Ligand SMILES: [Zn+2]
């Protein structure tokens, strides 16, 4: 039994001390502060200890907790205040439910990745990826409800498409036998491609054309909201923080505990969800059904 399993004090490792497979999953710019060989309970306890995943856990766990009263406020105050219809309550509920899935799936991954086993790490990572896919697809479901409010046929078509994608993501990232084949970076990008490029582009461009008769540039406004959320989340979050690994790339070792790029990525995700909540409220205020 390892040292860390025996004692209550959390033993931390440098990047160099990690096994090869663990190094391949992590960034060499985060040079120390790694947990390893922890039991499930020790991982759980480590939420309240300081290591290089503490910031990653709390940048999503804390918002998940804070979003709960906000969800109550939205359903009990905001939607009734706008004389919302049943569909508005449903979209707001989907938004908050989806948001919780994403934040908690991420917190789960960052908490339990340190069990010292590649298979466990991959299963936890897959849950995180599933959460990201559910958020993007769930937000698109909400967008379809408003952007195609004048066409039940197109609504049905996109619900079917998104539902199919969500089922596929649930299979490849929640089924233990599928996970090893679908967690590599190349496979992740391949899996996300139809959602990020196909659905995002098709939905925004199609609504511009479909609703071109709407007054006051409402169609453009709607598509712009949808794109801004995606662009902020995907371009800033994923390219600047996730791939470029700034700032630790410039000062390796200086951001081992606080301020590392992944925490920035998490904050962008939370901000983009807050922005999307504002957008949903604007969609409700537009009363788009009156233009059908
Ligand atoms: Zn993360």
Give me Rg over Rh for region 253-292, both radii from the alpha carbons and Rh done the Kirkwood way, two decimal places.
1.39
List 26, 186, 53 from most exposed to least, where exposure is judged by having the fewest other Cβ atoms within 10 Å.
186, 26, 53
Förster radius 35 Å - calculated FRET efficiency between residue 49 and residue 221, Cβ distance, rounded to 0.05
0.15
So if each residue of separation counts as 0.36 nm, and I subtract the Cα-Cα distance between residue 39 and residue 89, what length gain in nm does that give?
13.9 nm
Based on other C-beta atoms within 10 Å, arrange 175, 60 from fewest to most.
175, 60
Over 28 Å apart: what share of the alpha carbon pairs of the chain falls there, rounded to a whole percent?
42 percent
Computed over region 9-99, the ratio Rg/Rh where both radii use C-alpha atoms and Rh is Kirkwood
1.23
One quarter of the C-alpha convex hull surface, i.e. the mean projected area of region 108-178 in nm², amounts to 4.9 nm²
Highest mean first, what order results for 68-80, 229-241 on Cβ atoms within 10 Å?
229-241, 68-80
Which value in deg cm²/dmol, rounded to the nearest 500, describes the helix-derived mean residue ellipticity at 222 nm for the chain, given -39,500 (n - 2.57) per DSSP H run of n ≥ 4 and division by the residue count?
-20000 deg cm²/dmol
All Cα pairs of region 94-141, percent lying beyond 14 Å:
47 percent
For a distance above 19 Å, tell me the whole-number percent of Cα pairs in region 143-292 that qualify.
64 percent
For residue 151, put the label point 7 Å out on the Cα→Cβ axis and report which residues of region 187-210 keep their amide N under 13 Å from it.
202-210
Using the number of other C-beta atoms within 10 angstrom as an exposure proxy, rank 222, 165 with the fewest first.
165, 222
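Only the coordinates and a few stated rules stand behind these numbers; no lab work does. Because the structure is a prediction, the values reported are computed rather than measured. All Cβ positions, glycine included, derive from the backbone under ideal geometry; neighbour counts span all protein chains shown.
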